[in-house]
Amino acid sequence: MYFNRIAGCLLCLSVSVTTAVQAQAHYDFENMQKEKLNRGVVAVKDKDGKVAVSWRYLSSDPENQSFDVYRDGRKINGRPIKDATFFIDDYDGPGAVEYSVRSLSGEKDASSYVMPENAPHGYIDIPLDKPELGVDPFGKEYFYSANDASIGDMDGDGEFEIILKWDPTNSHDNAHDGFTGPTLIDCYKLDGTKLWRIDLGENIRSGAHYTQFLVSDFDGDGCAELICKTADGTMDGTGRVIGDRRADFRNMKGRIIAGPEYLTVFNGKTGEAMSTVQYLPERGELKDWGDSYANRSERYLAAVAYLDGVKPSAVMCRGYYTRSVLVAYDWDGNELKVRWVFDSNNPGCGAYAGQGNHNLRVADVDADGCDEIIYGQMAVDNDGSGLYSTGMYHGDAIHLISDIDNERYYVWGCHENKKDGTSLRDAGTGKVIFQFPSDKDIGRCMAADIDPNHPGVELWSPNTGGVRSFDGVLISQTMEFKSEVSAVVPVNMAVWWDGDLLRELLDKNVVSKYDWTTGECVPLAVFDGCMWNNGTKANPCLQGDIIGDWREEVLMRTADSGHLRLYVTTIPTEYRFHTFLEDPAYRSSIANQNVAYNQPTQPGFYFGPDLKGRKFRGTKVK
């Protein structure tokens, strides 16, 4: 199958349609800065000891592109591979093996991966440099666990590195007092080579809402940068300290309500701090954010967004229960400059107060070629002006989805106000399509195409009575919730895993398949020996299309945080798609996944079994 880029979005054209579908997003791919992706070849052993090899199909490839696979320089496929970017090799010999893939278009684009000796089944093992134990001011020890992660080509070699946040065991939610150990951020290559470590220091409190880190090639030099909030005592990847090394602004409750705040851009190759500026939005008076003890004033979000339709910007955000402020920054390789500031306290912006979520979404929802920020129950336009506010107030989860015809984006979100429950709205206008009110705090909702018998994605949450079709009709009542987050059909994460066009569900360390005949989920893969992150959110370090073919990978930490495991599906597939990484909305969802309460990746176009039977530039989906 082939996705045709029309009006800047990955679109699908039906053979019966003579004109292009009106696009929901008009990204100009000719002008938009692109990542330099290689084939992303990966090879892992399956449960039978055979080797599953997969690689990327790129938008630059001809429609009829075919491939050959080589083991240690010897071609191992009989016929050119053209229906999928996946191959099973019966080889089970000892020692390290190098797999490479070459296209038959005449281009010299060979890409390779060395599968190590005694490679584990189903995953890439990434050894970590686990931080040593720490001691708080009262003499109590704490240790570190591998937490949220992101990806970026930090050194410009065409391969992704893993950027990993280390969370101390004494990290705290903003609502709680207590001292925390420093947050650490590492950069690793897939073989476990550590490029650098950044220590954010004592003046950045540790917890899910404090450090939102952004990874992207902000200046277009071919190497990604890291941007995050810093403070006096932050040590960069070269050992240089930002600000005053001796400063300690923690109060007797372990909170930080005084002292300067910075925003720093770090070099991807070395971790060096290249530019540090005053952090905006600034703290100001604590009461302006809704309390006097640094709970609501210290709620941070962040996003990578193409605000000009060309280069990525960093959007740093503060507050969502009452006042909400978003500040967009641009990095040109020399200076970190403010593009715009949105403040709900500004005249005429009162309707935008209190509308933020524990997460956000980014996409071009008004078809102007530039990204907007879906900030919970409101949206901010690419120029920093308010687009709309729903007035439904704060929530825990939102999903950005597209209808089958890719005409527009929708937001499926849940609300904490014990009134609005769960709602589906037009992402570009805020118009509510339908809603399931509730007198309870609804903390979870999910959107994924899990049932082929109903058009588009399915929707569910604790108050929907079961799984709903995209038009709101109840299609399965088997939806028992033992608690807000424990259900027959999981409500935390999702992943494309088994090779068909439906999406699978990811919760804790289990990938499961929804059985639409019974309304229950059946486990497909269990990542034994691994642990999930962030309590009941039960998310992996990262999930997304990181390497290999169009399907997604799951990055988990081992129980002792001594290793990361990048799980790669070994299930054959008959489909071939461009890597999701080339879709701007999807790529932003990876970059922004670590922000507060992690949400699964979602592309800026419909993807699911309703594509079957349609023809795409000469290739028909069976």
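Values for this structure:
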item	result
Single condition Tyr99 does not satisfy, out of (1) surrounded by fewer than 18 Cβ atoms within 10 Å (Cβ to Cβ); (2) under 29 Å from the mean Cα position of the chain (by Cα); (3) not in a loop (DSSP other than H, G, I, E, B)	(1)
Strands (runs of 3 or more DSSP E) fully within region 1-92 counting 3 or more residues that are at pLDDT 80 or above and in contact with a strand residue (DSSP E or B) (Cβ under 8 Å, 6 or more places away or on another chain)	42-45, 51-54, 67-71, 86-89
Output for region 183-200, where each listed residue is of a type outside the set (A, V, I, L, M, F, W, C) and surrounded by fewer than 21 Cβ atoms within 10 Å (Cβ to Cβ)	Lys189, Asp191, Gly192, Thr193, Lys194, Arg197, Asp199
Complete set of residues in region 155-196 that are hydrophobic (A, V, I, L, M, F, W, C), closer than 14 Å to Ile546 by Cα and touching a Gly at 6+ places or on another chain (Cβ under 8 Å)	Phe160, Ile163
Cys414 being free of Cβ contacts under 8 Å to residues at least 40 places away in the same chain and either under 22 Å from His209 (Cα atoms) or surrounded by fewer than 23 Cβ atoms within 10 Å (Cβ to Cβ) (or both)	no
Subset tally (residues that are more than 16 Å from Thr558 (Cβ to Cβ) and surrounded by 18 or more Cβ atoms within 10 Å (Cβ to Cβ)) for region 167-178	5
Qualifying positions in region 167-196 - in a strand (DSSP E or B) and closer than 20 Å to Arg246 by Cα	Leu184
Residues located in region 205-217, provided they are open to solvent by 10 Å² or more (accessible area, probe 1.4 Å) and either hydrophobic (A, V, I, L, M, F, W, C) or not in a loop (DSSP other than H, G, I, E, B) (or both)	Ala208, Ser216
From the options Glu298, Glu285, Glu261, residue that is free of Cβ contacts under 8 Å to residues at least 60 places away in the same chain and out of contact with any Asp or Glu (no Cβ under 9 Å at 6 or more places or on another chain)	Glu285
Region 375-391, residues that are outside any loop (DSSP other than H, G, I, E, B) and farther than 16 Å from Asp420 by Cβ	Tyr375, Ala379, Val380, Gly386, Leu387
Matching residues, region 277-299, being surrounded by fewer than 23 Cβ atoms within 10 Å (Cβ to Cβ) and of a type in the set (Ser, Thr, Tyr)	Tyr279, Ser292, Tyr293
Flag for Asn174 being at pLDDT below 95 and of a type outside the set (A, V, I, L, M, F, W, C)	yes
Some residue of region 486-499 being surrounded by fewer than 21 Cβ atoms within 10 Å (Cβ to Cβ) and not in a loop (DSSP other than H, G, I, E, B)	yes
Residues that are open to solvent by 30 Å² or more (accessible area, probe 1.4 Å) and over 18 Å from Val473 (Cα atoms), drawn from region 394-411	Asp405, Glu407, Arg408
Count of residues meeting criterion [touching a residue at least 40 places away in the same chain (Cβ under 8 Å), surrounded by fewer than 24 Cβ atoms within 10 Å (Cβ to Cβ) and either not in a loop (DSSP other than H, G, I, E, B) or not acidic (Asp, Glu) (or both)] in region 330-348	11
Residue that is within 25 Å of Lys311 (Cα to Cα) and at pLDDT 95 or above, where the choices are Tyr352, Tyr409	Tyr409
Some residue of region 243-252 being surrounded by fewer than 20 Cβ atoms within 10 Å (Cβ to Cβ) and either in contact with a helix residue (DSSP H, G or I) (Cβ under 7 Å, 6 or more places away or on another chain) or touching a residue at least 60 places away in the same chain (Cβ under 8 Å) (or both)	yes
In region 417-458, the residues that are part of a strand (DSSP E or B) and either open to solvent by less than 20 Å² (accessible area, probe 1.4 Å) or without any contact (Cβ under 8 Å) to a residue 12 or more places away in the chain (or both)	Thr422, Ser423, Leu424, Arg425, Met446, Ala447, Ala448, Glu458
Elements of type strands (runs of 3 or more DSSP E) in region 510-580, at least 2 residues being out of contact with any Phe, Trp or Tyr (no Cβ under 7 Å at 6 or more places or on another chain) and open to solvent by 50 Å² or more (accessible area, probe 1.4 Å)	520-526
Residues of region 425-480 that turn out to be within 27 Å of Leu387 (Cβ to Cβ) and among the aliphatic types (A, V, I, L, M), as a count	9
Matching option when the condition is open to solvent by less than 10 Å² (accessible area, probe 1.4 Å) and among the small types (Gly, Ala, Ser), among Gly354, Gly386, Gly391	Gly354
Counted residues, region 218-235 - those being part of a loop (DSSP other than H, G, I, E, B) and crowded, with 23+ Cβ neighbours inside 10 Å	4
Top-ranked residue in region 131-166 [being among the acidic types (Asp, Glu) and in a strand (DSSP E or B); ranked as surrounded by the most Cβ atoms within 10 Å (Cβ to Cβ)]	Asp148
Subset of region 300-318 (residues that are out of contact with any Ser or Thr (no Cβ under 6 Å at 6 or more places or on another chain) and either open to solvent by less than 10 Å² (accessible area, probe 1.4 Å) or at pLDDT below 95 (or both))	Tyr300, Leu301, Ala302, Ala303, Gly309, Ser313, Ala314, Val315, Met316, Cys317, Arg318
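One line per residue, one yes/no per condition, for (1) in contact with a His (Cβ under 7 Å, 6 or more places away or on another chain); (2) among the aromatic types (Phe, Trp, Tyr); (3) crowded, with 19+ Cβ neighbours inside 10 Å; (4) touching a residue at least 40 places away in the same chain (Cβ under 8 Å):
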site	(1), (2), (3), (4)
Lys36	no, no, no, yes
Ala43	no, no, yes, yes
Ala52	no, no, yes, yes
Leu58	yes, no, no, yes
Ile88	no, no, no, yes
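The values are calculated or read from the model by the stated rules, or taken from the named source; none is laboratory data. The structure displayed is predicted, hence computed values, not measured ones. Glycine also receives a Cβ, built like all others from the backbone with ideal geometry; neighbour counts cover every protein chain displayed. Just the protein is used for accessible areas: all its heavy atoms, side chains included, with ligands, DNA and RNA removed. Shrake-Rupley method; radii C 1.70, N 1.55, O 1.52, S 1.80 Å.
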